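A.B. asks: The structure follows.
Laboratory data are not the source of any read-out in this text; all were calculated from the coordinates shown. Here the structure is a predicted model, which is why all the values come from computation and not from measurement. As a convention, Cβ positions derive from the backbone with ideal geometry for all residues, glycine included, and neighbour counts pool all protein chains shown.
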Amino acid sequence: MLRCRDVADLILAYLEGTLAPGERQALEAHIADCPNCLRFLKTYRETVALGQQLREEAVPSDVRDRLEAFLRSRLPRSS
Amino acid sequence: MPVAGKWLVHRRAGMAAELVAALKRKDPIAFEQLIAQHGAMLYRVALRLMGQEQEAEDVLQETLLTVYEKIHTFDERSALSTWLYRIAVNTALMRLRAKARVPEELLDTVGPQFTEQGEHAREEAEWTLPPEQALLRQEALTALQQGIARLPELYRAVYVLAEIESLPHQDIASILELTVGTVKTRLHRARLFLRETLAGYFVERRHSSA
């Protein structure tokens with residue numbers, strides 16, 4: 001039988017899909033009966049989802065221009 | 001893998017090899033190509049690690065210089081992107097260590113509290129906002145970014161590479177010279193810390209909108 005502490009320790013592996021089938025079933029059975037662990041799972045998942053929204057950072061065009069100017073000023077050009 | 005897929009993998013590998021060869025010849029166009037192909041990922045990493053645009057730009061410039069000076073040492077056994085990540089992260093970490101460090105002990109007791117029997121000692125809060133509140137979601141992202149800036153440096157590096165760059169744990173372990181187990185532990189603790197940061201934001205919003 002899993003305890004709430006075990007669920008917290010296994011949550012990363014659970015969300016990555018790397019738990020053994022028996023462990024996954026035991027975790028899901030515990031969460032089905034434990035509102036606290038269900039809320040923990042939901043808020044942990046939301047934290048992960050929000051972090052993944054930071055993936056779309058492009059290089060601002062002015063930063064890129066300055067980087068290219070920096071390269072031209074610092075790196076020797078071939079003759 | 002279908003034949004067309006294999007061809008595409010070979011073609012991309014060939015293009016990557018051509019870029020590395022041009023970089024090793026110190027071809028200036030190759031360095032501009034490097035920015036075009038890898039600039040976004042290096043900028044994201046530098047920005048999330050340094051927490052500030054000017055410092056991120058400084059890290060990028062120093063990274064490009066290091067690439068220019070050390071490209072001859074790149075042995076091509078790993079992907080070029082992995083090597084670039086390693087340089088950018090190490091450059092950022094060196095700058096962060098020169099500043100006031102966030103103590104790693106900050107994360108020692110992060111996460112839910114449990115009784116001796118292993119049950120939750122406190123009730124976990126619900127914090128889902130209605131999906132149409134896009135502005136509040138943007139505010140949550142700002143709160144998250146502020147939380148990331150408060151992570152101890154090595155936890156921040158693991159989090160940025162795992163959550164934002166979505167690198168496999170093995171690649172992160174290689175870049176940061178950690179074991180995969182340590183990568184997973186630090187990612188988990190970073191998430192627990194950020195979850196608590198966000199909980200403060202969400203619970204406050206829920207009360208104010210009630």
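A.B. asks: When you look at the Cβ of every residue in B:64-77, what mean number of other chain Cβ atoms sits within 10 Å?
C.D. replies: Per residue, the average neighbour count from other chains is 1.
A.B. asks: If r is the Cβ-Cβ distance from A:Arg24 to A:Arg74 and R0 is 41 Å, what FRET efficiency results, to the nearest 0.05?
C.D. replies: 0.15
A.B. asks: Could you work out [θ]222 nm for chain A from helices alone, using -39500 (n - 2.57) per DSSP H run of at least four and dividing by all its residues? Round to the nearest 500 deg cm²/dmol.
C.D. replies: Values: 4 runs with 57 residues, N = 79.
After summing the helix terms and dividing by residue count, I get -23500 deg cm²/dmol.
A.B. asks: Suppose the chain between B:Gln117 and B:Val203 were pulled fully straight at 0.36 nm per residue; how much longer would it get relative to their current alpha carbon spacing? Write out the running numbers ahead of the final one.
C.D. replies: Details: separation 86, 0.36 × 86 = 30.96 nm, distance 2.75 nm.
28.2 nm is the gain from fully extending B:Gln117 to B:Val203.
A.B. asks: To continue, here is another question. Quick one: net charge around B:Leu106, please, counting Lys, Arg +1 and Asp, Glu -1 for every other residue with C-beta under 10 Å from its C-beta. Intermediate results must be reported in sequence, preceding the final value.
C.D. replies: Details: positive: B:Arg150, B:Arg189; negative: B:Glu104, B:Glu105, B:Asp108.
Residues close to B:Leu106 contribute a combined charge of -1.
A.B. asks: Moving on to the next point. First select every other residue whose beta carbon is under 13 angstrom from the beta carbon of B:Thr63; then total the charges, Lys and Arg +1, Asp and Glu -1.
C.D. replies: Values: positive: A:Arg74, B:Arg44, B:Lys70, B:Arg86, B:Arg95; negative: B:Glu55, B:Glu57, B:Asp58, B:Glu62, B:Glu69.
Within the 13 Å Cβ shell, the charges total 0.
A.B. asks: Same structure, new question: Would you mind giving the mean number of other chain beta-carbons within 10 Å of the Cβ of each residue in B:179-188, as a whole number?
C.D. replies: Values: counts 0, 0, 0, 0, 0, 4, 1, 0, 2, 6.
Mean number of neighbouring Cβ atoms from other chains: 1.
A.B. asks: What would the Debye formula give as log10 I(q)/I(0) at q = 0.23 Å⁻¹ for the alpha-carbon point model of segment B:104-209, no solvent?
C.D. replies: -1.19
A.B. asks: Go ahead and estimate [θ] at 222 nm for chain B from helices alone: -39,500 (n - 2.57) per DSSP H run with n ≥ 4, summed, over the residue count, rounded to 500.
C.D. replies: Values: 8 runs with 143 residues, N = 210.
The per-residue figure over chain B is -23000 deg cm²/dmol.
A.B. asks: For peptide A:2-14, how many partner chain Cβ atoms fall within 10 Å of a residue's Cβ, on average? Write down the numbers at each step before the final one.
C.D. replies: Values: counts 1, 6, 9, 10, 2, 3, 7, 3, 0, 4, 7, 2, 0.
Taking all residues of A:2-14 together, the mean is 4.
A.B. asks: For a Förster distance of 30 Å, can you work out the FRET efficiency between the beta-carbons of A:Arg45 and B:Gln52, rounded to the nearest 0.05?
C.D. replies: Details: r = 29 Å, r/R0 = 0.98.
So the FRET efficiency works out to roughly 0.55.
A.B. asks: List the cysteines in the protein assembly as shown whose Cβ has no other cysteine Cβ under 4.7 Å from it.
C.D. replies: A:Cys4
A.B. asks: Mind checking the full-extension length gain between B:Lys26 and B:Glu126? Use 0.36 nm per residue of separation minus the Cα-Cα distance, one decimal, nm. Walk me through the intermediate numbers first.
C.D. replies: Values: separation 100, 0.36 × 100 = 36.00 nm, distance 5.53 nm.
Additional length available on full extension: 30.5 nm.
A.B. asks: A:Asn36: net charge of surrounding residues, Cβ under 10 Å, Lys/Arg +1, Asp/Glu -1, itself excluded? Working shown, then result.
C.D. replies: Values: positive: A:Arg39, B:Arg122; negative: B:Glu119, B:Glu123, B:Glu124.
Local charge sum for A:Asn36: -1.
A.B. asks: Still on this structure, please answer the following. May I ask you to derive the FRET efficiency for A:Ala13 and B:Glu177 from their Cβ-Cβ distance with R0 = 30 Å, giving the value to the nearest 0.05? Each step should come with its number before you reach the end.
C.D. replies: Numbers: r = 23 Å, r/R0 = 0.77.
It comes out at approximately 0.85.
A.B. asks: Would you calculate the convex hull of the Cα atoms in chain B and tell me its volume per residue in Å³?
C.D. replies: Details: hull volume 39.4 nm³, N = 210.
Here the figure is 188 Å³ per residue.
A.B. asks: Another question, if that's okay. Given the convex hull of the Cα atoms of segment B:38-121, what is a quarter of its surface area in nm²? Before the final figure, lay out each step's value.
C.D. replies: Values: hull surface 34.4 nm².
Computed as one quarter of the Cα hull surface, the answer is 8.6 nm².
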